[in-house]
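These notes concern the structure reproduced below.
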Amino acid sequence: MSDLETLSASVTALEESIATTNGGLDVFYLLFAGAMVFFMQAGFAMLCAGSIRAKNVKNIMLKNILDACGGAVGFWTIGYAFAYGGADSSKLTFIGNSDFVLANIHDGGSLIGWFFQFAFAATAATIVAGTVAERCKFEAYIAYSLMLTGFVYPVVVHSIWSSSGFLSAFTDDENKFLGSGMIDFAGSGVVHMTGGVTALFAAKILGPRIGRFYDADGNELPEPVSFPPHSVALQVLGTFILWVGWYGFNPGSTLGISPAGYADVAALCAVTTTLAAASGSVSAMFTDMLMTRKATGETMYDITMCMNGALSGLVGITAGCSVCEPWAAFVIGIIAGWVYIFVSSLLVKLKIDDAVDAIPVHFGNGMWGCIATGLFASPGLVANAYGTPNNGLFYGGANAGKLLGVEIVGILFIIGWVGVIMIPYFMLLNAMGLFRVDALEEEVGLDISHHKGAAYDMSGPSEDAKEKYEISTSQRKLVVPADDGEENA
């Protein structure tokens, strides 16, 4: 073998080694990011548990655990196939049609892709659980969770993220809607709006908790009654866990780290995610403080506004985290805080009971995140992340309005698709008596009525034990030593 042949063989071996290393690096990157997204389930569990009353904690915690279980089974059997099966950028399809139960998927890149996407699917289902907490039957929860992760959510994914979707930015140029395709980088619309609008329909059909807007006889109350959270500490813990998990959610949506430019996109996502969360938190809290001062003359700082404002900013930046400048992320977060306050107040006026305010955070700011992308997307950053010449309305140019138009169409599609499937589904569950627990079970709490007892043991010692202790202490003789003065006297 000549020196040239030896050199060529060495170069080929080196290239193969680099490709293998890069492939392993990308798998590890998605494993880490997916694990962070999955850990958000713990954040949702803590936030939901802290936000509701103590008598329903076991119920909501169990539902959060089963979100992961149901999401895994549903997305493995049919969900992933409907979302990505048979994707082909040269043609448009409504739904995937292959790779059921991950058949014929064996390589590490594809398997870790399923894991990452499963974590997103479980997130969409969890959003609904918090909204309908304290009055939804367990059977109904399992039914709608499987429907959402196995069919409804995958169709949205296919339409926007698959290379065969009619709104996809990843299909061939001639197939892109309005020549653009929808930019929803990490899922303001795909994940959060889908879960949020499902929660809205569920809450409307299920009805409010007893005593929230109406008394036990169905008479309207003069003022809505707020049910205080049983643990602010759990709420704050859940909020911080979710915020940390978002660093897997948004930067991880690059789906790799080794290709040129991917690290830059992931780094930008981390920065924009941070700024939007921070500005959303401050915006919601101080706006609420000013509104309260104007109404009552008192200055009060609401920690719930602070927490949900941060989550609203996180949802609002999720669509455009890779294509918006840091200053734009800051503005998006500020407006996200206002959107949260407005939608939360609107739900109360409409007498729609959301136990954890998930609808304003995920549905309201999921919409805002998509619209914000159509306004603030930078042409240079869009080119880096998507390789296309699109940009938001505020940057002007020939393509300025196209992206915003596609984002609006995407919003309408998600609302329409989820409504067409889930409204009849919830109505059927309700008509069959499978949706809501009876009034007595709701009053006593779902932990006692459905889960073999309360989450917290508040019983204390028995009366017999206390009586024995009192007798014991009464028989003790306490000897108090005299001081020197008394001894001298």
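Could you name the aspartates and glutamates in cross-link range of Lys204, using Cα to Cα under 12 Å and dropping any fewer than eight places away on the same chain? Straight-distance partners of Lys204: Asp353, Asp354. Trp76 sits with roughly 110 Å² accessible to a 1.4 Å probe, with DNA, RNA and ligands left out of the calculation. Assuming charge only on the beta carbon of Lys and Arg (+1) and of Asp and Glu (-1), the dipole of the chain about its Cα centre is about 1100 debye to the nearest 20. Please give the Cα centre distance for region 38-89 versus region 1-17, rounded to the nearest Å. About 49 Å separates the Cα centre of region 38-89 from the one of region 1-17. Glu16 contributes an accessible area of around 120 Å² to the protein surface, as traced by a 1.4 Å probe with all chains present. Each of Trp161, Trp243, Trp338 has its accessible area taken with a 1.4 Å probe; listed largest first, they run Trp338, Trp243, Trp161. Per-residue ellipticity at 222 nm computed for the chain from its helices equals -20500 deg cm²/dmol, with DSSP H segments shorter than 4 residues left out and the rest contributing -39,500 (n - 2.57). For the residue pairs Lys63/Lys349; Lys294/Lys349; Lys351/Lys452; Lys55/Lys349; Lys63/Lys351, the alpha carbons lie more than 23 Å apart in Lys63/Lys349; Lys351/Lys452; Lys55/Lys349; Lys63/Lys351.
About its Cα centre, region 71-181 has a charge dipole of approximately 340 debye under the convention of +1 per Lys or Arg Cβ and -1 per Asp or Glu Cβ, with nothing else charged.
Could you tell me which residue out of Val361, Thr273, Gly460 lies farthest along the dipole of the chain toward its positive end? Charges go on the beta carbon: Lys and Arg +1, Asp and Glu -1, centred on the Cα centre. It is Val361, whose Cα lies furthest towards the positive end. Membrane-span-like helices of the chain, defined as complete DSSP H segments with a Cα extent of 24 Å or more along the helix axis and a mean Kyte hydropathy of at least 1.6, are identified as 326-349, 400-431. The mean sequence distance of close C-alpha pairs (under 8 Å, at least 6 residues apart), as a share of the length of the chain, puts its relative contact order at 20 percent.
Over the chain, what percent of the accessible surface lies on carbon and sulfur atoms, probe 1.4 Å?
Details: 14210 of 21500 Å².
Ligands and nucleic acids excluded, carbon and sulfur give 66 percent.
For a 4.7 Å threshold on C-beta separation, the list of partnerless cysteines in the chain reads Cys48, Cys69, Cys136, Cys306, Cys324, Cys370. The candidates Phe227, Phe28, arranged from most to least accessible area with a 1.4 Å probe in the full protein assembly, appear as Phe28, Phe227.
Kindly sort Leu440, Leu178, Leu62 by accessible area of their heavy atoms, largest first, with the probe set to 1.4 Å.
Leu440, Leu178, Leu62
Annotation: amide H of Gly85 within the under-5 Å range of Gly96, Asn97, Ser98, sequence separation 5 or more or interchain, hydrogens built in the peptide plane. Per-residue surface analysis assigns Asp88 an accessible area of about 60 Å², computed on protein heavy atoms at 1.4 Å probe radius. Charging the Cβ of each Asp and Glu at -1 and of each Lys and Arg at +1, and nothing else, the dipole of region 177-226 about its Cα centre rounds to 200 debye. Accessible area per residue for the chain is 44 Å², calculated with a 1.4 Å probe on protein heavy atoms, without ligands, DNA or RNA.
The values are calculated or read from the model by the stated rules, or taken from the named source; none is laboratory data. Quick caveat: nothing in here was measured; it's all calculated off a predicted structure. Neighbour counts run over all protein chains shown; Cβ positions are idealised from the backbone, glycine included. Quick note on the areas: whole protein, heavy atoms, side chains included, nothing else; ligands and nucleic acids left out. Shrake-Rupley method; radii C 1.70, N 1.55, O 1.52, S 1.80 Å.
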